[in-house]
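Written out below as structure tokens is the structure these notes cover.
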Protein chains: 4
Amino acid sequence: MTTRQPIGVAVVGAGYWGPNLVRNVAATPAMRLRHLCDLDVDRARRVLGEYSIVPATASLDAVLADPEVDAVAVATPAATHHAVVMAALEAGKHVLVEKPLAPTLEEGRELVAAAERRDLVLMLDHTYCYTPAVAHLRGLVRGGELGDLQYLDSVRINLGLVQRDVDVLWDLAPHDLSIFDSILPADVAPVAVSAHGSDPIGAGHACVAHLTIQLSNGSLAHVHVNWLSPTKIRTLVVGGSRRTVVWDDLNPTQRLSVYDRGVDAAIPRQTGAAGAAAHERATVSYRLGDMVAPALPEKEALRAVMEEFAASITEQRAPLTDGRAGLRVLALLESAAASMAEGGAFVPVLDALAPADLALDGATS
Amino acid sequence: MTTRQPIGVAVVGAGYWGPNLVRNVAATPAMRLRHLCDLDVDRARRVLGEYSIVPATASLDAVLADPEVDAVAVATPAATHHAVVMAALEAGKHVLVEKPLAPTLEEGRELVAAAERRDLVLMLDHTYCYTPAVAHLRGLVRGGELGDLQYLDSVRINLGLVQRDVDVLWDLAPHDLSIFDSILPADVAPVAVSAHGSDPIGAGHACVAHLTIQLSNGSLAHVHVNWLSPTKIRTLVVGGSRRTVVWDDLNPTQRLSVYDRGVDAAIPRQTGAAGAAAHERATVSYRLGDMVAPALPEKEALRAVMEEFAASITEQRAPLTDGRAGLRVLALLESAAASMAEGGAFVPVLDALAPADLALDGATS
Amino acid sequence: MTTRQPIGVAVVGAGYWGPNLVRNVAATPAMRLRHLCDLDVDRARRVLGEYSIVPATASLDAVLADPEVDAVAVATPAATHHAVVMAALEAGKHVLVEKPLAPTLEEGRELVAAAERRDLVLMLDHTYCYTPAVAHLRGLVRGGELGDLQYLDSVRINLGLVQRDVDVLWDLAPHDLSIFDSILPADVAPVAVSAHGSDPIGAGHACVAHLTIQLSNGSLAHVHVNWLSPTKIRTLVVGGSRRTVVWDDLNPTQRLSVYDRGVDAAIPRQTGAAGAAAHERATVSYRLGDMVAPALPEKEALRAVMEEFAASITEQRAPLTDGRAGLRVLALLESAAASMAEGGAFVPVLDALAPADLALDGATS
Amino acid sequence: MTTRQPIGVAVVGAGYWGPNLVRNVAATPAMRLRHLCDLDVDRARRVLGEYSIVPATASLDAVLADPEVDAVAVATPAATHHAVVMAALEAGKHVLVEKPLAPTLEEGRELVAAAERRDLVLMLDHTYCYTPAVAHLRGLVRGGELGDLQYLDSVRINLGLVQRDVDVLWDLAPHDLSIFDSILPADVAPVAVSAHGSDPIGAGHACVAHLTIQLSNGSLAHVHVNWLSPTKIRTLVVGGSRRTVVWDDLNPTQRLSVYDRGVDAAIPRQTGAAGAAAHERATVSYRLGDMVAPALPEKEALRAVMEEFAASITEQRAPLTDGRAGLRVLALLESAAASMAEGGAFVPVLDALAPADLALDGATS
């Protein structure tokens, strides 16, 4: 593959998200849209519209056999991801795939191993990670401007489409977990997770869920996902010892608010009897400084996804949200599901990369 | 006590909340403010100001010995509640006491038993339960306008005063739990509770906490309390099968929003194999009706607290938030603390009224 | 023209608004997009993109000579409207044109007269009039639910594109004036207008302007337009004797709020000495009822514009926002400009339809 | 008068605002509350409550004859201000008076002259000027941080108490005009004013009004006051060439927002033919920088009013909002009323300090 030519891309899946992929591939100069593939070829044709020269097809085999197709963007149901992505990788195509990577961690590991063996890009469409707000937030957290992380709190609730095949945790929490994954500093990782869910409408699985994640630095991250809320909320608070940031995705004029406000205990953290004694003498102080809402560019996140996908192919490097990021999200989801089944006690987070057969020395990661 | 005369009231405690009690007792026609008592008598004098004829005193004994004192309003630290309230009851005074009733459920039970033995009013100052918004919400829930309860979600976060003696759960959650207690229908009660907390600033106890409560009808109630949030949020969502209500206490022009929005599964709730089969055929439907923000009176909640206290004394009946309501809140707090200590698994909610020595046949309850 | 075939449409102008017309014509089943025409044919090609079969052209003549073109949607600069629209009408094409209809009332009258002589549809793309919110509001006002109109107040401010050729009044106020025109009841019309403007940045014309319009029922309508505001506000309040509606176009979850709140004077309106005497005895009463936020469909307004354009062609009737509505807006703009030039005193609103040579008996209006 | 003793203060008027004066005088250490005076002595007694030692009286003469009264705070109806304030001044008392200073500019001038002749403090209770937000805003404007003033826009609307004796202009606009007066730099003054009003409910005078003020630097200030709005808005935008500030008095968590956003024309302001030619070459640039919400102290404005009143008495200096500030507000109100009566054309702002008999060399100003 030469990198000077546009990257030929086929979109697979013309359902809810597929049209967005089609539009953004078409608008990305480094790409050329070659096919739209869906088992329901009429649906694919309707998505393309009557004025498009892009061919619609029901045959994935034909798409994968096309030498002008360098990469595949997959927006089919999660249950099909393993088969579709594996076929694409085996045909030597780079793959961009909707979240979650696969319905199980085990299947996800197989896909990552397959991609790494072939030096192919396997990228997760963790769209929120590419918003200007999250990109800015990542810089603040990883650049140390927030100080030590104290807590994360994510709320993602609205009157959502109740899914038949997955519960609200698997449907919505991948957004929050992938955002966490993309902003946490290298030395802070999830170690245990507790989850509670309920199904008040009799849908057959949880429609409301709360996740609590223990991080390796001792702080907690919490996620509230809910399909039944009459109001729509999408906020994330990242509390730090120096600054606290509130991201409100539904406030287009002030998505990020960086507060120089907080509480400090005037003693160092200690444990045991010395710590207890120190606490008795502790004084708490409050910072009540200004709030700054940084100017952010207006850019569609999916456009940035496509640019990162194209760049990682061209530069033969792992994308920001590579397959291993997808595995880390799957590991959290499986651990959360286990906690929910067990009544909500904390369970350790599964190791995303085990077992040993995963190629840990893969060139792309 | 004749009921035609104003009820003589002494306020005990001139700290954070005491001045509010003083002001509202003084403004209530059915009451007459007789004393303000605080160990720091200068503080009591400063609260009264230089133009007041009300006497300040450091002697609780003198206050309780005054035959013109019919009732005592207690706003001292929680650790002193048992001693102060018990002394007042033993002196034959009716008592209004700040939340929580006592530092332990056991001490609380002793106070309730003492009050019931003497046919004295023991009322909790669960102030929020007397706001016009919660009063309206109670009517909607108990009147059946919301249909079946599906979930409750309460958020109470802001940059709060980090307490030395209690964690955030004991400091803030009594508000949420007492509101739940005052609006839940008679046939829905908490059965188990899970709690997670963290102390990211090294305060010595949890500054951020999440409670998940299993209700007897199978739904979940969740509470998020946080002393460290740079933004202040006080919202409660009560989801029902017919309507969902959002209470936003910080939006004075639209505190309650009643949504005719929701999700319905088109099948009755079933369990077991028949249920699973039914779910496969289930279709989900959405209601997207109007939202109504009911007009609410503007009234200070603490004024209504005083009116209820006076009325329950005069009418010799239990107040809306009687000692038993205080015990139910304590039972939830102790169970939550047990869950937090055990890693967050669900623990059954303690029986508020056990053991057997509590006078269950008390005339006032 | 048969009405069973899709209506062949050419879009003229590929600048700021043209791409929206292209997208919505293409998505409207009753239409078929035949050409995109722009003097800068490369710009037209970029708008269409590399996957489109729609031809781009720089020749308006060629477009108008195409018998498959039944109608033309014009999004060129206002200064060119007279020439482009007149050419299209003379070629027998129906026309949808961006606001304002023409740079002067006189030119606008010529276009309306030309369209009426030929029984062609001449429709203004007053997009806001086709939003679900304005459509609902129109029903409330004209259906009498608001009672007597008491005042209108429209604010449309943000950091906008400072135009070179027109001031903020001609750029933004057509939106507000066309909305007024589309919701006012038949018996209420503008009679005089006062306007103030300022140019604090030295742009050469007003960047901030206030319009006050006297309506025939004695009430006032006010418009505030501003290119320099750091915050974006788009609100309209329509006050009535029975209800008052607030439209907030930037609040997607509650665009319309219908308040059962208001003030009533308890005496009938009288004038002269009797009135003065009555006022002395007047008592004012307040209604403080509920607020209702009606459920509104989510629909792109420009899609509804296209549907109305297609329907008016097919049904051979005037559209909701016909050329005469465009003239009424122009008459207000010219009168406002005259007031601004004269120091802001009220000037009578020009007669939109005079002089006499306008065909008042046109079949389509 | 010695300054070491507390200043003896009598409050005159126990109606809507009087209780606030009583409470704040009592809470100010530098003051001692001596009397509450109202023609309706029972109303005065109710305001004081049954626990106060402060005497209530109906006799202004007795109050003014009391040598322990150094100063009088007047909250009677505007129509009585001239008589009450003049009597107090003639008795040698300093005066704090509610806005407006007097019902007419002429009466106001007499009061200012009387105070200046006697070297007594005459202070207007322009409460908003003492809020932390306006104090901060004043510093930004006068410190040059906003650059050149470009526009002011003030909105003060809600369902307000319809007054019998004054229209909405005289009732509400004094707030906005006094704020303008307290923040405008020394070299920017109002030169002309236009006003429109309407009375849609038949109250006998305007219930909705719009003021447009020409400032001496060529920019406009606009005020919208409205008693009939179902929603409450209190915002002020101050646009500058370097920064723009939005004050939202009803947003307690973010009252001030300072935007580094704006529009610049790239050419200097010129007039005449050279200017027109320059405009043709002008390019407009946009700044889209961060927004900062400065931390502000929480303090009741009326407490700061009392402190300034006490300090100006003690230090024998003019207060921030002295009688002359009151005259400037009256001059604007009278000019606005004249414009409204004349159909809304601009009228020059009256000279606050003319005629010549006003003591321009008064020591306190």
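The values are calculated or read from the model by the stated rules, or taken from the named source; none is laboratory data. Since this is a predicted model, take the numbers as computed values, not measurements. Ideal geometry is used to build each Cβ from the backbone, glycine not excepted, and the neighbour counts take in all protein chains shown. Heavy atoms of the whole protein, side chains included, go into the accessibility calculation; ligands, DNA and RNA do not. Shrake-Rupley method; radii C 1.70, N 1.55, O 1.52, S 1.80 Å.
Criterion applied to B:Leu177, B:Leu161 was being open to solvent by 30 Å² or more (accessible area, probe 1.4 Å) and among the aliphatic types (A, V, I, L, M), and the one residue passing it is B:Leu161.
With respect to the conditions (1) modelled with pLDDT of 95 or more; (2) assigned to a helix (DSSP H, G or I); (3) facing chain A (nearest Cβ under 9 Å), B:Glu280 lacks only one, and its number is (1).
Could you please tell me which pairs satisfy a Cβ distance under 7 Å, a separation of 6+ or placement on different chains, a first residue in the range C:40-62 that is within 14 Å of another protein chain (Cβ to nearest Cβ) and over 16 Å from C:Val74 (Cβ atoms), and a second residue that is of a type in the set (Ser, Thr, Tyr) and not in a loop (DSSP other than H, G, I, E, B)? Final answer for the pair search is C:Tyr51/A:Ser52; C:Ser52/A:Ser52. Just one of the listed residues (C:Glu106, C:Glu90) is within 13 Å of C:Leu327 (Cα to Cα), without any contact (Cβ under 8 Å) to a residue 40 or more places away in the chain and surrounded by fewer than 18 Cβ atoms within 10 Å (Cβ to Cβ), namely C:Glu106. Candidates in the range B:287-301 are the residues that are at the interface with chain C (Cβ under 7 Å from one of its Cβ atoms) and at pLDDT 95 or above; of these, the one that is nearest to C:Arg261 (Cα to Cα) is B:Ala295. State which residue is nearest to D:Ser335 (Cα to Cα) when the search covers only the range D:109-139 and only residues that are buried (at least 23 other Cβ atoms within 10 Å of the Cβ) and β-branched (Val, Ile, Thr). If we take residues in the range D:109-139 being buried (at least 23 other Cβ atoms within 10 Å of the Cβ) and β-branched (Val, Ile, Thr), then D:Val112 is nearest to D:Ser335 (Cα to Cα).
Without any contact (Cβ under 8 Å) to a residue 60 or more places away in the chain, under 20 Å from D:Phe346 (Cβ atoms) and among the aliphatic types (A, V, I, L, M), is that true of D:Leu184?
Numbers: without any contact (Cβ under 8 Å) to a residue 60 or more places away in the chain: yes; under 20 Å from D:Phe346 (Cβ atoms): yes; among the aliphatic types (A, V, I, L, M): yes.
So D:Leu184 passes the test.
Residue count for the range D:192-201, restricted to those that are closer than 30 Å to D:Gly144 by Cβ and either free of Cβ contacts under 8 Å to residues at least 60 places away in the same chain or more than 7 Å from every other protein chain (Cβ to nearest Cβ) (or both): 2. If only one of B:Asp119, B:Asp153 is within 14 Å of chain A (Cβ to nearest Cβ) and either under 30 Å from A:Val246 (Cβ atoms) or out of contact with any Leu (no Cβ under 7 Å at 6 or more places or on another chain) (or both), which one is it? Only one candidate passes the filter, namely B:Asp153. How many residues, within the range C:222-267, are more than 26 Å from C:Arg287 (Cα to Cα), part of a strand (DSSP E or B), out of contact with any Ser or Thr (no Cβ under 6 Å at 6 or more places or on another chain) and hydrophobic (A, V, I, L, M, F, W, C)? Number satisfying all stated conditions: 3. Quick check on this structure: which one of B:Ala189, B:Ala173, B:Ala265 is in contact with a helix residue (DSSP H, G or I) (Cβ under 9 Å, 6 or more places away or on another chain) and within 12 Å of chain A (Cβ to nearest Cβ)? Of the residues listed, the single one that is in contact with a helix residue (DSSP H, G or I) (Cβ under 9 Å, 6 or more places away or on another chain) and within 12 Å of chain A (Cβ to nearest Cβ) is B:Ala265.
So, of the residues in the range C:219-239 that are open to solvent by less than 20 Å² (accessible area, probe 1.4 Å) and more than 9 Å from every other protein chain (Cβ to nearest Cβ), which turns out to be farthest from D:Val263 (Cα to Cα)?
First, pick out the residues of the range C:219-239 that are open to solvent by less than 20 Å² (accessible area, probe 1.4 Å): C:219-230, C:236-239.
Then drop every residue that is not more than 9 Å from every other protein chain (Cβ to nearest Cβ), which leaves C:221, C:223, C:225, C:236, C:238.
Values: C:Ala221: 28, C:Val223: 22, C:Val225: 15, C:Leu236: 25, C:Val238: 31 Å.
Looking at residues that are open to solvent by less than 20 Å² (accessible area, probe 1.4 Å) and more than 9 Å from every other protein chain (Cβ to nearest Cβ), I get C:Val238.
Among the residues of the range D:28-39, not one is in contact (Cβ under 8 Å) with a residue 60 or more places away in the chain and farther than 21 Å from D:Val121 by Cα. Only a single criterion out of (1) under 22 Å from D:Trp227 (Cα atoms); (2) within 14 Å of chain D (Cβ to nearest Cβ); (3) hydrophobic (A, V, I, L, M, F, W, C) is not satisfied by C:Val141, namely (2). In the range D:202-217, the qualifying residues are those that are surrounded by fewer than 24 Cβ atoms within 10 Å (Cβ to Cβ) and facing another protein chain (nearest Cβ under 7 Å), and the one that is nearest to D:Val162 (Cα to Cα) is D:Ala203.
The residue that is nearest to the other protein chains (Cβ to nearest Cβ), among those in the range C:251-262 that are modelled with pLDDT of 95 or more and more than 27 Å from D:His205 (Cα to Cα), is C:Ser257. Of the helices (runs of 4 or more DSSP H) lying entirely inside the range A:86-201, those containing at least 3 residues that are of a type in the set (D, E, K, R) and modelled with pLDDT of 95 or more span A:105-117, A:168-183.
Does the range C:316-336 contain at least one residue that is at pLDDT below 95 and within 14 Å of chain D (Cβ to nearest Cβ)? Looking through the range C:316-336, none of the residues is at pLDDT below 95 and within 14 Å of chain D (Cβ to nearest Cβ).
Yes or no: A:Ala336 crowded, with 23+ Cβ neighbours inside 10 Å and assigned by TED's automatic domain parsing to the domain that holds A:Pro29? The answer is no for A:Ala336.
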